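Comments concern the structure below.
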Amino acid sequence: MMEKTWRWFGKKDKITLPMLRQIGVEGIVTALHDVPNGEVWTVEAISELKSYIESHGLRWSVVESLPVSEAIKYAGPERERLIANYQRSLANLGKCGVKTICYNFMPVIDWIRTDLQHPWADGTSSLYYDRIRFAYFDIRILEREGAANDYTAEELRKVDELDKVITEAEKEELIDTIIVKTQGFVNGNIKEGDKNPVAIFKRLLALYKDIDRDALRENMRYFLAAIMPVCDEYDINMCVHPDDPPFQVLGLPRIVTNETDIAWYLQAVDNPHNGLTFCAGSLSAGEHNDTRVLAKKFAKRTHFVHLRSTAAMAGGNFIESSHLEGRGHLIDLIRIFERENPGLPMRVDHGRMMLGDEDKGYNPGYSFHGRMLALAQVEGMMAVIDNEKKNKS
């Protein structure tokens with residue numbers, strides 16, 4: 001059955017390893033968060049963290065993430081040095097027996113939400129994406145050149161209406177949510193306390209001025225081709241995280257958004273170690289994706305699964321739903337992966353903040369009680385599926 005894992009943000013995380021062992025977690029998903037992006041992860045540092053995890057009766061199952069530096073993505077002059085460092089970090093992880101690496105190839109900005117605690121009627125809250133508020137940030141706050149061309153006339157009208165009522169405090173909160181809190185809590189380009197984050201963000205966007213979809217694809221292919229020999233030597237599985245959300249934003253190319261994109265990069269460097277992190281939440285945020293179809297097609301090249309779900313709403317909005325609801329279809333996914341590629345590490349992710357979770361998460365949106373409930377639900381799903389298998393045999 002799937003290995004039950006949990007994303008843990010290191011010794012500073014309020015959610016401790018003894019807590020995780022008590023609730024049935026088997027494997028830990030973490031990283032060397034104190035190492036700046038682009039620097040080498042040493043054997044000593046990897047071994048120390050691995051031993052600490054194992055001392056609590058758990059194992060370091062997945063690295064999330066070994067970040068791909070921006071200069072690798074836009075092919076900056078330091079690309080070769082950064083790829084060499086990445087190769088060394090991979091080799092050191094392989095030597096220490098940590099062999100599943102989740103990463104992403106999203107330019108500048110990682111996951112995007114406009115509200116980190118959107119209320120539900122039952123008093124819980126969850127992550128939320130409001131397309132009009134995001135358009136407002138893009139057009140009126142960021143003032144990106146040509147931004148208005150990316151939105152419909154109706155959306156632009158709503159941005160104008162929002163401009164009449166939005167407060168300065170709401171604008172600051174929007175900035176903090178989109179480009180600070182969601183990006184900077186671990187190894188981000190912008191971190192808490194940075195002065196004028198909008199100016200920093202604009203400089204980062206400018207690095208991609210001449211990088212279109214084809215160029216970013218080529219840079220991803222180049223990176224993967226360079227690291228696959230190390231992966232072959234140490235039997236390391238690389239698994240890219242889908243773009244979140246899975247559509248174009250801020251004029252940046254996003255290249256892991258749908259079935260065609262996934263098929264392209266798997267074929268571009270056709271090596272079994274080049275695989276997918278199947279994030280049901282990210283993929284389900286795009287109405288063009290059916291997670292069940294994608295799981296059936298790419299199960300054999302999936303190395304890691306994120307069990308979360310989103311619900312699409314009117315106007316291009318979406319919200320993090322409960323794990324048994326929304327467009328993720330998690331029960332169906334578990335059946336598919338258990339049939340096609342059993343034993344994968346999976347982690348429940350996000351869900352709803354509940355029962356005082358705001359005091360227990362290392363980062364907004366990462367619940368404890370919400371994820372603990374989801375873990376129990378997933379255990380129940382897997383037990384049912386296991387019984388079904390036994391009855392058939």
(request) Rank 126, 55, 282 by mean-square fluctuation in a GNM of the chain with C-alpha springs under 10 angstrom and give only the top-ranked residue. (result) 55
(request) Among DSSP beta bridges whose residues both lie in region 266-393, state the antiparallel percentage, nearest 5. (result) 30
(request) May I ask you to give the solvent-accessible area per residue for the chain, in square angstrom, as obtained with a 1.4 angstrom probe? (result) 41
(request) At most 16 other Cβ atoms within 10 Å and a DSSP loop assignment: could you name the GluC sites (Glu not before Pro) in region 284-393 that fit? (result) 287, 325
(message) I want to verify a result. In a Gaussian network model of the chain, Cα cutoff 10 Å, which of these has the top mean-square fluctuation: 23, 83, 319?
(response) 23
(message) Rounded, prolate or oblate, given the Cα gyration tensor of region 1-103, with a/c below 1.5 counting as rounded?
(response) prolate
(message) How high is the relative contact order of region 105-158? Use alpha-carbon pairs under 8 Å, at least six apart in sequence, and give a whole percent.
(response) 23
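Report in % the part of the accessible area of the chain that belongs to carbon and sulfur, leaving out ligands and nucleic acids; probe 1.4 Å.
Carbon-and-sulfur percentage of accessible area, whole number: 49.
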(request) Scan region 266-333 for chymotrypsin sites (Phe, Trp or Tyr not before Pro) in coil per DSSP, keeping those whose Cβ has at most 10 other Cβ atoms within 10 Å, and list them by number. (result) none
(message) Rounded to the nearest 5, what % of DSSP beta bridges with both residues in the chain are antiparallel?
(response) 30
(request) Binning at 20 Å from 0, report for the chain what percent of all alpha-carbon pair distances ends up in each bin. (result) 27, 62, 11, 0
(request) For region 236-295 and region 10-32, write down the distance between their C-alpha centroids in whole Å. (result) 27
(request) Take the chain, connect every pair of alpha-carbon atoms lying under 10 Å apart with a spring to form a Gaussian network, then pick out the residue of 220, 106, 382 with the largest mean-square fluctuation. (result) 382
(request) Write down the Kirkwood hydrodynamic radius of region 95-235, to one decimal in angstroms, obtained as one divided by the mean of 1/r over all alpha carbon pairs. (result) 17.8
(request) For region 1-98, state which trypsin sites (Lys or Arg not before Pro) are in a DSSP loop and have at most 10 other beta carbons lying within 10 Å of their beta carbon. (result) 12
(message) How large is the accessible surface of residue 16 in square angstrom, using a 1.4 angstrom probe and rounding to the nearest 10?
(response) 50
(message) Please compute the contact order of region 12-149 in relative form: average sequence separation of alpha-carbon pairs under 8 Å and at least six residues apart, divided by the residue count, as a percent.
(response) 20
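The values are calculated or read from the model by the stated rules, or taken from the named source; none is laboratory data. Owing to the predicted nature of the structure, the values given are computational and were not obtained by experimental measurement. Neighbour counts run over all protein chains shown; Cβ positions are idealised from the backbone, glycine included. For accessibility, only protein heavy atoms count, side chains too; no ligands or nucleic acids. Shrake-Rupley method; radii C 1.70, N 1.55, O 1.52, S 1.80 Å.
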